[in-house]
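Below: one structure, written as structure tokens.
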Amino acid sequence: YDWRIPGTWVEIYDAIFIPAMIAAWSPRLAELVDPRPGERVLDVACGTGDWTRCVAARVGPQGRVVGLDISPEMLALARRKDGAGPGDAPIEWREGSADALPFSDAAFDSDVTEALADYVGSDGLVYPIEAVLARARK
């Protein structure tokens, strides 16, 4: 169906759905997850990275933040939008699937799967995520 909205599907998603559904509560989610300075955080199904950038500001330059998404188009836009401040952790954008995480065990202190439930219905999904965490999930 042609909605007559200019842009790619990712640009439309980012321009319309992110402000309406995600941007307003990304800072609140970051408060709830409460990543600490220096922590290593994995954002699974990061999309265009709004929540990922909130976390990078909280863990600071000594932290590590990885945004993982299966969509190369989402990641390309996330990289274009990535405007890390001087006090933010650098963000590593990685293409990959949540059911086959490309990380070693205990590589992260915490994770979030903000939008993952919208796209994946696997009951076994939690196990690969648990393996890459260094401590219990928050």
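Read-outs: derived from the displayed coordinates by stated rules, not from any lab. The model shown is predicted, which means the values in this text are computed figures rather than measured ones. Neighbour counts run over all protein chains shown; Cβ positions are idealised from the backbone, glycine included.
Projection of the Cα convex hull of region 37-94, averaged over all directions and equal to a quarter of that hull's surface, yields 3.1 nm². Label positions at Thr8 and Ala76, each projected 7 Å from the Cα along the C-beta direction, are separated by 0.3 nm.
Under the criterion of Cα pairs below 8 Å and six or more residues apart, the relative contact order for region 1-70 equals 30 percent.
Here the Karplus relation 6.51 cos²θ - 1.76 cosθ + 1.60, evaluated at θ = phi - 60°, turns the backbone of region 15-21 into coupling constants of 7, 10, 7, 4, x, 7, 10 Hz, with x for every Gly and Pro.
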